[in-house]
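Read through the structure below, which is laid out as structure tokens, and then see the notes.
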Amino acid sequence: MFVLNRWYVAGWSSEVSDRPLARTLLNEPVVLFRTEDGRAVALEDRCCHRNLPLSHGHVEGNCIACGYHGMVYEPGGRCVKVPGQDVIPSGACVRSFPLVERDQVVWIWPGNPDQADSSLVPLYPIHGDAKWAHRCDHYVIKGNHELINDNLIDLSHVGYVHGRTIGGTPEAHSVANIKVERTDDGVIVRRWMPDSVPPPTYVRAVGFAGRIDRWMEITFLPGLIRIYIGANDVGQGLDEVGHMDRLGIRIFNGITPETEGTTHYFWSAAHNFKVDQPEVTEAFHGEIAATFEEDRIVVEAQQERFTQFPGRKTVFIKSDAGGVHARRVIAALLASEAQASHSNAESVA
Amino acid sequence: MFVLNRWYVAGWSSEVSDRPLARTLLNEPVVLFRTEDGRAVALEDRCCHRNLPLSHGHVEGNCIACGYHGMVYEPGGRCVKVPGQDVIPSGACVRSFPLVERDQVVWIWPGNPDQADSSLVPLYPIHGDAKWAHRCDHYVIKGNHELINDNLIDLSHVGYVHGRTIGGTPEAHSVANIKVERTDDGVIVRRWMPDSVPPPTYVRAVGFAGRIDRWMEITFLPGLIRIYIGANDVGQGLDEVGHMDRLGIRIFNGITPETEGTTHYFWSAAHNFKVDQPEVTEAFHGEIAATFEEDRIVVEAQQERFTQFPGRKTVFIKSDAGGVHARRVIAALLASEAQASHSNAESVA
Amino acid sequence: MFVLNRWYVAGWSSEVSDRPLARTLLNEPVVLFRTEDGRAVALEDRCCHRNLPLSHGHVEGNCIACGYHGMVYEPGGRCVKVPGQDVIPSGACVRSFPLVERDQVVWIWPGNPDQADSSLVPLYPIHGDAKWAHRCDHYVIKGNHELINDNLIDLSHVGYVHGRTIGGTPEAHSVANIKVERTDDGVIVRRWMPDSVPPPTYVRAVGFAGRIDRWMEITFLPGLIRIYIGANDVGQGLDEVGHMDRLGIRIFNGITPETEGTTHYFWSAAHNFKVDQPEVTEAFHGEIAATFEEDRIVVEAQQERFTQFPGRKTVFIKSDAGGVHARRVIAALLASEAQASHSNAESVA
């Protein structure tokens, strides 16, 4: 059901501590904790004795102890202690997941651990860059992850769903100059909106007095969507790299399926203005959060309809181009994983 | 599962406005709205693009616009605008349902639109008659619609379920003189209860001092049950038409399945006394609402048992005669619709 | 799914009155009530007419009347009155369950009534013994009954789950001297914990100043687990019968499946100290209740994992010996009931 041989966001670094954290990731119950050494660990969240979630237990040094009968597991998932007996039963272990911690993000590899190459972890240096300020956030959305991809890749909805916040005029969005670049493992959508009305959020941020030139670049990879946004007064210069932007926004969107119908949404919104004023960061985060709340309502209502009436006919429109390609990327990865697992089964037989 | 080629109550006229109203009717998600022209419209409640319920959108003139990407639908269900492109994708449409608005009721035809003959809409002129005063109400009951039919057709339960309100003495009800008249598409049950104790509600209404003669006439059609009630001091005259009634009550019971296990209940209780005193209408409505709450508890408890233990044996008693016939009427209509759809399938092949 | 030919706890005597009580027991809806004569009665909780739960009705003399149309049932389950008609429909009856009331407990026999031998009711004279004081309690736990059995039979969890209450040092528990005696229809587990740290509850109860000798005896039968506990100052004498115990506790654990995934837990905790001080009984009950709340959290978390991931591999450890035998006892009884019902079917054919 899910592409498994990828790095997905398991949580923010700040969430992982010596208090075990339970989280279902790609249909798998996971306990996240930080060892005495400071290392983040992810284990299958159940004791192999009587199935109590290990997240009910406590961290003991570099291990975790079950809260029922005290069985102790090391970071690799092997049981290393059973109180009251000297011999550890053979097969007493739980699954351990490869983790990489980078850019304030804890990345998990839910697939075959042999393929967990840490050089494949997506980079996000903005989280550590002093020119940007941000806050991290996390929700669970009651919708399939592909509905969230659709939503973020096709920003033509901004004028309709976010009219009162970041929207601006709907027409500006639907007639935006859009280029969709398809890559092997993703999509890049670029939108230019010259000479448009600045949305209220932008005005509050940097005080635009008149119309603006505005750009967005959305880079989709399965599990992560980066949205880079820039704006400047009309005619004052604008480039894709953002050097000349009076207003710059960088949004990290970690999209990790929880179950088929629910999805973890890990996001941060970094801004390039007033970065030394925490109250500005807080207020800006709150404004973006309000727009994501508008998206959540849409995605959850869609999910409900898709669940209730699975077979109903739908049509595609022009602005779906990016989203459709993203679905193809995921479908191709799923097919390739199914193929690989089939070949493995054959070579074993 | 449901008889579809009938007019059912979709809502009260007062409920349908330029703010779209979402309602599931006979397992179908429907959005109800009123156009700029004042016409009530019912469409399938999902956009054919990405399935967002149209009830999340807004009325635009005589059309409705989706709240996600702004696609616009006219009252017939055709998509007439896709922002950002000139061509409407072929097949971009949703289902539109025939509606008739009459007697403050919005009636919907969930079946074959070609058979939607507005002359078949049940009449209820009492809603517009100055000799009667009423208020409209609506609940969703967690019970199958046939359990509600049973409840309303067989009023021998009144003494047991409504002892504290409209009940009076249980014996008076169970020994009432009852005539059941079976019609092709319904049932009429007539009950005479001469020389009986007036229930508290009746006494409060018109101040009966002693015993009363009392009649009820229940007319069942699939989707609508009219209950007409009259009472007078003992021996002061009583007729079925109600001319001589000191106390007259007319109850409209619109029974529209929402799903197999839940039902919309649209009701009004009109009275012929103190019709110019709104506080009397309000108080009377409240008293009837209290008895319907007693019925709701019964029907929902039955539904729970039927769902948990579907196969358990039940017996019939004499007072079931009307309800049993109502079930036969519905079964015959269902069989005839199944037959018709079978014949159609054959003639197409 | 359940062993049926056993006496199970249906409720406490104090719960059964002339106000009908609805309770699902071993997947069967039951209404419990007390007749005018003072006899406790258990009937199938639905009227055989239209399935309204009889618990919505009222006790009428030694019978119960349905709250919908007034049908009356005697304690044997036969309908003896149908208002409005003289003849009782043939087959108008509901199931009646054998009940025995003893030691403040109402025991029900959910299986074949012909085998309901009241001499098989487990005894619990402590409830009527002036040397002990207790209070009765009842919860529904969202877990399968065998998970509760596991929990109560293997007290090696006490140090981990109840560290803050009755636990004491985990090591004392896991190295306890344990003997497991397997009987035909149950298990007896005896644990001696000499020279151990008294848990806070014990100290509060009788003021232990130093270390204690401590024993527990757990007697499991399907449906009932008796836990007897004693403690004394180190070296002051200790015996299994409890004559010399400074602190004595007797816990009644009635385990009655409600459904496959939920279980009634009827418990009392009797103590042998300050038995004439109701506030001590109340406080002691509260402390034990707090530990059972800790168990409830564990059992419900296990149930969730077993339900979500039914096939996952588990291992056994030494302390499971008692619980494993209890599962074998239940499995053997289930097999024997299946066999008997098969033989009956054959002899009928």
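The values are calculated or read from the model by the stated rules, or taken from the named source; none is laboratory data. As the structure is a prediction and not an experimental result, all values here were calculated from the model. Cβ atoms come from the backbone with ideal geometry, glycine included; neighbour counts cover every protein chain shown. Just the protein is used for accessible areas: all its heavy atoms, side chains included, with ligands, DNA and RNA removed. Shrake-Rupley method; radii C 1.70, N 1.55, O 1.52, S 1.80 Å.
What to note about this one:
- Taking the longest Cα principal axis of chain C as reference, the axis of helix C:278-308 is set at about 80 degrees.
- Among residues of chain C, the one whose Cβ lies closest to the rotation axis carrying chain C onto chain A, together with that distance rounded to whole Å, is C:Thr307, 12.
- 14 Å cut-off, amide nitrogen to a point 7 angstrom out along C:Asn62 Cα→Cβ, residues in the range C:11-29: none
- Amide H to amide H, with H built 1.01 Å from N, C:Leu25 comes under 5 Å of C:Val30, counting only residues 5 or more places away or on other chains.
- Heavy-atom accessible area per residue - the protein assembly as shown, 1.4 Å, Å²: 41 Å²
- Rounded D (µm²/s) - the range C:74-119, Kirkwood Rh over Cα pairs, Stokes-Einstein at 37 °C, 0.692 mPa s: 256 µm²/s
- Computed in the context of the full set of protein chains, the accessible area of the protein assembly as shown at 1.4 Å probe radius has 52% of its extent on carbon or sulfur.
- Distances between copies of B:Ala209, taken at a point 7 Å out from Cα along the Cα→Cβ vector and listed shortest first: 8.7, 8.7 nm.
- DSSP loop GluC sites (Glu not before Pro) with at most 15 other Cβ within 10 Å: longest gap in chain A: A:37-239
- Restriction of the trypsin sites (Lys or Arg not before Pro) in the range A:279-333 to DSSP coil positions whose beta-carbon has at most 15 other beta-carbons within 10 angstrom yields A:Arg312, A:Lys313.
- Shielding score for A:78-84, defined as the mean number of other chain Cβ atoms within 10 Å: 4
- FRET E, pair A:Arg182, A:Ser17, Förster distance 51 Å, beta-carbon r, rounded to 0.05: 0.80
- Choice from C:Ser90, C:Ser13, C:Ser119 with maximal GNM fluctuation in chain C (Cα, 10 Å cutoff): C:Ser90
- Site pair A:Lys313 and C:Glu293 shows an inter-label distance of 5.8 nm when each label is modelled 7 Å from Cα along Cα→Cβ.
- When all alpha carbon pairs of chain A are counted in 20 Å bins from zero, the resulting P(r) reads 27, 53, 19, 2 %.
- Inter-part distance where the range C:1-64 and the range A:316-346 are each reduced to a Cα centre, Å: 57 Å
- Using bins of 10 Å that start at zero, the share of Cα-Cα pairs per bin across the range C:1-153 amounts to 10, 36, 34, 15, 4, 1, in whole %.
- Here's the list of lysines a cross-link from B:Lys131 could span, going by alpha-carbon distance under 21 Å and ignoring same-chain residues fewer than 8 apart: B:Lys274.
- At least 30 Å² accessible surface lost relative to isolated chain, residues of the range C:18-48 (1.4 Å probe): C:Pro29, C:Arg46, C:Cys48
- Farthest toward the positive end of the dipole of chain B, out of B:Val234, B:Phe309, B:Gly223, is the Cα of B:Phe309, where the dipole comes from beta carbon charges about the Cα centre.
- Distances between equivalent label points of B:Ala338 across the copies, with each point positioned 7 Å along Cα→Cβ, amount to 3.6, 3.6 nm, shortest listed first.
- Between chain A and chain B, the total buried accessible area stands at approximately 2400 Å², from heavy atoms with a 1.4 Å probe.
- Shown is the FRET efficiency for C:Ala331 and A:Ala338, computed with R0 = 60 Å from the Cβ-Cβ distance and rounded to the nearest 0.05: 0.95.
- In this Cβ point-charge picture (+1 for Lys and Arg, -1 for Asp and Glu), chain C has a dipole of about 500 debye about its Cα centre.
- Inverse mean reciprocal Cα-Cα distance (Kirkwood Rh) of the protein assembly as shown, Å: 34.7 Å
- The range B:260-276 - phi-based ³J(HN,Hα) in whole Hz, Karplus 6.51/-1.76/1.60, Gly and Pro as x: 4, x, 9, 9, 6, 10, 9, 9, 9, 10, 8, 10, 9, 10, 6, 5, 9
- Simple rule: put +1 on each Lys or Arg Cβ and -1 on each Asp or Glu Cβ in the protein assembly as shown, find the dipole, and look at A:Val329, A:Pro200, A:Pro122; the Cα lying farthest toward the positive end is A:Val329.
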